[in-house]
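All of the numbers you see were taken from the coordinates with simple rules; none came from a lab. Values in this document were obtained by computation on a predicted structure and should not be read as measured data. Glycine also receives a Cβ, built like all others from the backbone with ideal geometry; neighbour counts cover every protein chain displayed.
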Amino acid sequence: MSTSDHDASRNERLRYARINAGLSQQQLADAVDATRQTIGLIEAGRYNPSLKLCTAICKTLGKTLNDLFWE
Amino acid sequence: MYLINKWNEIMGPKDEYLEAQECKATKQAAYILLTGSIITLYYVIMLNQVASTTENPITTPLGASLIPVEYPLIATILIAGVASLSTQIKAGSFSSYKRFAEVDRIPWNFVTAVALLCGIILAVLTSGMRIVAEIQIVGFDQVAWLGDFAIGIVFFVIAFGLGFAFTACAIHSAIIRRRQSEIELDNLL
């Protein structure tokens, strides 16, 4: 599997987790003190979030860092 | 420290991506300012050196025909400001504070506050520097206090007007760019 495949699956995991939690990008953004643009960029694989933001996203979605951000 | 904490408390949380973009823009402006300042400094040093070695003191009619030192400095400051601002606008942001980063309409109270700040800074600088210059050239007794304050008021009005228009345009462009970016991201998913 190439690096881009890894990235794509990682980004999709975040998107699916958010949708499964019944949250829109804006709602997730509000919950983690980020903007919708930032959440969109993370899901599109265009921005690597800090550990602080990753943790906040995981807590909000009830997932672990392994579930969402580890390959 | 207390004031910074109080300010952060009032402004609320920052978005880390926008903060990163803000840092990038600030770094860009700092590089341009540094480069421009060094070039200007060398220009002044070389002017003085050439004037000295060719025995042409600059404080003669020759001085009037040279490019004034202020010009490259003004150009540097303008280029740094515009480059930094355009980097932020390209990222669809004019503030990394979440409460301002996601507005859909121009926040006129914020625009007014920025314009007021521009006006006050320019008015104080204009009056203050004129007074300092006059004290050194004509002495404290000869300072034209009323004239200096009047010029300060004129500059306040100019800076307020320009600051208001420029900030509103910059925020409007940032809002449009952010919407485009959100549409692009929606289409990707």
Practice task
May I ask for the angle, rounded to the nearest 10°, between helix B:108-137 and the longest principal axis of chain B, with both axes built from Cα atoms and the value confined to 0 to 90°?
Solution key: 10 degrees
Practice task
With a Förster radius of 51 Å, plug the Cβ-Cβ distance of residue B:151 and residue B:31 into 1/(1 + (r/R0)^6) and report the FRET value to the nearest 0.05.
Solution key: 0.90
Fill in the blank from the handout: Rg/Rh of region A:3-69 (Cα atoms, Kirkwood Rh), to two decimals, equals 0.91
Fill in the blank from the handout: Rounded to the nearest 500, the 222 nm mean residue ellipticity computed for chain B from DSSP H runs (n ≥ 4, each -39500 (n - 2.57)) alone is -28000 deg cm²/dmol
Fill in the blank from the handout: Each label sits 7 Å from Cα toward the beta-carbon; between residue B:138 and residue A:16 the label points are separated, in nm, by 7.9 nm
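Can you give the average number of partner chain beta-carbon atoms within 10 Å of each beta-carbon in peptide A:25-37, as a whole number?
Mean shielding count: 5.
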Exercise for the section: Find the percent of Cα-Cα distances in chain B that exceed 30 Å, and round it to a whole number. Expected result: 41 percent
Exercise for the section: Calculate the spin-label point distance for residue A:24 paired with residue B:55, positioning each point 7 Å from the Cα along the beta-carbon direction, and give it in nanometres. Expected result: 8.1 nm
Practice task
Pop out the Kirkwood hydrodynamic radius of region B:1-105 from its pairwise C-alpha distances, inverse of mean 1/r, in Å to one decimal.
Solution key: 16.9 Å
Handout entry: Whole-Hz couplings from phi, Karplus 6.51/-1.76/1.60, listed for region A:62-67; x for Gly and Pro
Key = x, 10, 9, 4, 4, 4
Practice task
Apply 1/(1 + (r/R0)^6) to the Cβ-Cβ distance of residue A:51 and residue B:166, taking R0 = 41 Å, and write down the FRET efficiency to the nearest 0.05.
Solution key: 0.65
Practice task
Estimate the FRET efficiency between residue B:183 and residue B:1 by the formula 1/(1 + (r/R0)^6), using the beta-carbon distance for r and 45 Å for R0, to the nearest 0.05.
Solution key: 0.60
Exercise for the section: Distance from a point 7 Å along Cα→Cβ of residue B:116 to each backbone N in region B:1-43: keep the residues under 13 Å and list them by number. Expected result: none
Fill in the blank from the handout: Residues A:64, B:54, B:87 in order from fewest to most other beta-carbon atoms within 10 Å are B:54, A:64, B:87
Handout entry: Dimensionless Rg over Rh [region B:103-189; C-alpha; Kirkwood]
Key = 1.32
Completion exercise
Averaged over residues of A:45-52, the number of beta carbons from other chains lying within 10 Å of each residue's Cβ is 2
Fill in the blank from the handout: Taking Cα atoms only, Rg over Rh for the protein assembly as shown with Rh from the Kirkwood formula is 1.13
